[in-house]
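Right, one structure below, let's go through it.
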Amino acid sequence: MFSIDTLQLRLPDIEWVTSKIHIKRLSKDFYWFSPLLTPLLAKKKADIIARPKNESELKALISVCVDLDIPLTVRGGGTGNYGQAVPLLGGVVVDMIALKTCKWISDGVIQVQAGMRMGELENLTRQHGWELRCMPSTYKAASIGGLFAGGFGGIGSVNYGPVATSGTVQRARILTIEQYPRVIDISGDELLTYHHTYGTNGIILELQLVLTPARDWSEYLMEFASLENAYTFCRALLDSAGMDKREISLYDGVAASYFKDIPVQIAPERFYVITLIASNCRVPFMELSAKHSGTIAWHQSFDEANKSGLTLMEHCWNHSTLQALKHDKNFTNLQTNYDDTCVLEQLKEVKKETNSEVLIHLEFIRNAQSKILITGLPLVKYTSDQRLLDIIEIHRRLGIKVNNSHTYFLEDGKHGGALDQAILDSKSSNDPYNLLNPGKIRMLDN
């Protein structure tokens, strides 16, 4: 049993959350997207929540937790969906959301504490004429540290690739889990050692980000009669260097029918594309749409989106699953990467083998080398654990890569079954007592 009372007595200045209902809430992320993870994680919770107000309090917390052998799990906005922020062994959940100071912003570069929410960060940078290169659809709640530690791509990745693309994050400050915590400054390739590691090998304190000039983005929901027309339009738009865009995603009509807050009638037999296009590109955008027999189902300007609070940015990426789950709790999703030379063929084969069980959702982005990457978050109608596993294997057999979002083990998701030795070395060096988010690295914890 952890010495939680002793912990509180030794750190009286830290804000502690002890209410059972708040401990339960702050011990969860979006693991409930997965019917496989839900029974494994639903009862897992911290013994207490700590909300350090500054770096000094965080260091003091770590020091005492090491002394008392108490596990720590770091939490940002809690919008990850692998159980990344769920404390498997109890202990302390460290809520980082108060650590959100902007250290400086200059010439398109910003240094910010890891707890700042992406929406706040976007608003801040826009005041200086800049915007984020990449942000998730959960930007209103997600923190920048959480995106780097547990996320991948998002809005803007059509131009700049995922968040870990070289040149987007320039530097980071990392805190170790030791009796006398050290701060490590990292840059370059070493940054990848801390990307998508669920906060298991160090606590991200600050990130230095490169920004991009702010634009006014018009939002379009485009409608197409066929998958072929919708897909070829997306590919043509992706390759149109003269048209500035921030998002391109494609859905079949059944998936799009769950966008019930958008004031438009969705036809289940048709196909829909969400795009964010620079306001001065309307003419060439409409010309390209006409070439592919596309029509506007719904549209709003940048100012209208800001005034209404309704935005298509909260219907793409992982929000498409969230929108569907509001109306049908039997959905889950996969995280997929397609072969860009035969995407339509792969989708047709999936349809043939799964019928109406799998709904189309594609995201059109660039990878770290600026090459086309067709990724996706297809909705899956859940019927049983075994059928979900069978559907994953169907995708893999068809040459579609699946990053498993139905496991909390770090190795089995984006890392493809094994962790880079640099990650394991950093874990050993930075967290010698294995107190940081324990249970997530199979080879160390099982």
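The values are calculated or read from the model by the stated rules, or taken from the named source; none is laboratory data. No experiment lies behind these values; they were computed from the predicted model shown. Quick reminder, even Gly has a Cβ in these numbers, built from the backbone with ideal geometry, and neighbours come from all protein chains shown. Heads up: the accessible areas ignore ligands, DNA and RNA and are worked out on the full protein's heavy atoms, side chains in. Shrake-Rupley method; radii C 1.70, N 1.55, O 1.52, S 1.80 Å.
Stretch N330-S240 to full length: gain in nm at 0.36 nm per residue minus the Cα-Cα span?
28.6 nm
Among E190, E345, E411, E223, what's the order by accessible area (1.4 angstrom probe), most exposed first?
E345, E190, E223, E411
Using only the heavy atoms of the protein chains and a 1.4 Å probe, how would R270, R173, R442, R397 rank by accessible area, largest first?
I get R397, R442, R270, R173, largest accessible area first.
Cα centroids of segment 98-161 and segment 201-218: how far apart, whole angstrom?
For segment 98-161 versus segment 201-218, the Cα centre distance is 4 Å.
Quick one: pull the percent of accessible area on segment 95-180 belonging to carbon and sulfur, 1.4 Å probe, ligands and nucleic acids left out.
For segment 95-180, the apolar C and S fraction of the accessible surface comes to 49 percent.
Ignoring ligands, DNA and RNA, what percent of the 1.4 Å accessible area of segment 290-360 is carbon and sulfur?
Carbon with sulfur: 49 percent of the solvent-accessible area.
Quick one: check the C-alpha center-to-center distance for segment 392-446 versus segment 285-324, whole angstrom.
Going from one Cα centre to the other spans 35 Å.
Taking only protein heavy atoms into account and a 1.4 Å probe, give the accessible area per residue of segment 159-224 in Å².
The answer is 32 Å² per residue.
Assigning unit charges at the beta carbon (Lys, Arg +1; Asp, Glu -1) and nothing else, what dipole magnitude in debye, to the nearest 20, does segment 355-446 show about its Cα centre?
Using only the charged Cβ atoms, the result is roughly 320 debye.
Please give, to one decimal in nm, the separation of the simple spin-label points placed at K352 and V264, each 7 Å out from Cα toward the Cβ.
Distance between the two pseudo-spin positions: 3.2 nm.
Under 1.5 on a/c is rounded, so check that first for segment 216-353, then, if it is not, pick prolate when a/b is larger than b/c and oblate when it is not; a ≥ b ≥ c are the square roots of the alpha carbon gyration tensor eigenvalues.
It is oblate, given that a/c is not under 1.5 and a/b is not larger than b/c.
Near D303, within a Cβ-to-Cβ distance under 15 Å, what is the net charge of the other residues, with Lys and Arg +1 and Asp and Glu -1?
Charge balance near D303 sits at +1.
What lysines sit close enough to K103 to cross-link, taking a C-alpha to C-alpha distance under 22 Å and skipping anything fewer than 8 places away on the same chain?
K53, K59, K140
Shape call for segment 63-113 from the C-alpha gyration tensor, a ≥ b ≥ c root eigenvalues: rounded (a/c under 1.5), prolate (a/b greater than b/c) or oblate?
oblate
Largest first and to the nearest Å, give the Cα extent of segment 296-440 along each principal axis.
Extents along the principal axes: 56, 43, 35 Å.
I need the phi-derived Karplus couplings for segment 201-211: 6.51 cos²θ - 1.76 cosθ + 1.60, θ = phi - 60°, integer Hz, Gly and Pro marked x.
Result, rounded to whole Hz: 10, x, 9, 6, 8, 9, 10, 10, 10, 8, 9.
For segment 1-126, what does the alpha-carbon gyration tensor say about shape, rounded, prolate or oblate, given a ≥ b ≥ c as the root eigenvalues, a/c under 1.5 as rounded, and a/b over b/c as prolate?
oblate
Counting only heavy atoms of protein chains, what accessible area per residue, in Å², does segment 73-126 have with a probe of 1.4 Å?
29 Å²
So what's the back-of-envelope 222 nm ellipticity for the chain, counting only DSSP H runs of four-plus at -39500 (n - 2.57) apiece and dividing by all residues, rounded to 500?
Roughly -8000 deg cm²/dmol at 222 nm, from the helical runs in the chain.
In square angstrom, rounded to the nearest 10, how much accessible surface does C316 have for a 1.4 Å probe?
0 Å²
Taking a threshold of 30 Å on the Cα-Cα distance, which of the pairs K329/K351; K100/K371; K45/K260; K28/K100; K20/K326 fall above it?
Flagged as over cut-off: K100/K371; K45/K260.
How much accessible surface area, in Å² rounded to 10, belongs to the heavy atoms of S166 with a 1.4 Å probe?
For S166, the solvent-accessible surface is approximately 110 Å².
So which trypsin sites (Lys or Arg not before Pro) in segment 1-100 end up in coil per DSSP with only 15 or fewer other C-beta atoms within 10 Å?
K43, K53
Which order do the peptides 103-109, 136-142 take when ranked by the mean count of other beta-carbon atoms within 10 Å per residue, highest first?
136-142, 103-109
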